[in-house]
Amino acid sequence: MRTISARFRAALYRENMEEVPAMLITITHPDLAAPLHFSSDPTERISTEPLLYGTVSRGTQYNFVPIQVTLPADQDDAPPTIDITLSVVGREAVPLLRSAIEPPSVTLEIVLAQYPDDIEAVFPDFDLVSASYGGDSATISLAIDSMASEPFPAGSFTPSYFPGMF
């Protein structure tokens with residue numbers, strides 16, 4: 001169970017939201033000169049030429065792109081997965097999706113746009129497991145390389161694996 005602040009909980013339950021939740025996405029990879037940062041909310045104007053909106057959280061600029069996120073379900077029998085659709089993907093992201101041998105690492109954070117430095121929920125260290133792109137959008141699926149999905153015990157003493165014992 002996740003613990004969120006009373007302010008965030010009140011904003012979610014309010015009929016007319018005055019405070020807007022924002023998703024902050026960070027994509028890191030050894031082939032990138034710097035991590036890619038995306039925000040689901042145009043919190044403030046970052047620049048006028050070119051016109052750019054985004055969210056500044058803890059000193060890091062997250063550029064606004066329309067984002068649709070399906071958060072992981074809290075299930076004990078399945079590893080958590082996240083599906084993210086990014087509209088208006090920049091030129092730097094498509095080559096990474098096409099040619100990366102090692103999967104990029106993705107962190108998803110949820111904040112209130114009015115309080116971007118207060119992280120309400122964080123989903124760290126997800127690996128990009130699949131990506132599809134077309135036009136100006138990309139859909140990525142993320143999963144955690146979880147030891148929980150590995151069988152235990154790793155091997156079984158069966159006649160097929162250890163014929164000398166039987």
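General observations
- Qualifying position, being assigned to a strand (DSSP E or B), out of contact with any Gly (no Cβ under 9 Å at 6 or more places or on another chain), of a type in the set (S, T, Y) and within 23 Å of G134 (Cα to Cα), among T55, T85: T85
- Every residue from segment 5-39 that is among the aliphatic types (A, V, I, L, M) and touching a Phe, Trp or Tyr at 6+ places or on another chain (Cβ under 9 Å): A22, M23, L24, I25, I27
- Filter result for Q75 (of a type outside the set (A, V, I, L, M), modelled with pLDDT of 85 or more and either out of contact with any Leu (no Cβ under 7 Å at 6 or more places or on another chain) or farther than 18 Å from I140 by Cα (or both)): no
- Filtered residue count, segment 146-161, keeping only those that are modelled with pLDDT under 65 and either in contact with a strand residue (DSSP E or B) (Cβ under 9 Å, 6 or more places away or on another chain) or of a type in the set (S, T, Y) (or both): 2
- Checking each residue in segment 109-125 for being out of contact with any Pro (no Cβ under 9 Å at 6 or more places or on another chain) and outside any strand (DSSP E or B) picks out only Q114.
- Subset of segment 2-52 [within 28 Å of L128 (Cβ to Cβ), part of a loop (DSSP other than H, G, I, E, B) and of a type in the set (S, T, N, Q)]: T3, S40, T43
- Some residue of segment 97-104 being surrounded by 12 or more Cβ atoms within 10 Å (Cβ to Cβ), at pLDDT 80 or above and touching a strand residue (DSSP E or B) at 6+ places or on another chain (Cβ under 7 Å): yes
The values are calculated or read from the model by the stated rules, or taken from the named source; none is laboratory data. This structure is a prediction, so every number in the text was calculated from the model and none was measured. In this analysis, Cβ positions are derived from the backbone assuming ideal geometry, glycine residues included, and neighbour counts consider all displayed protein chains.
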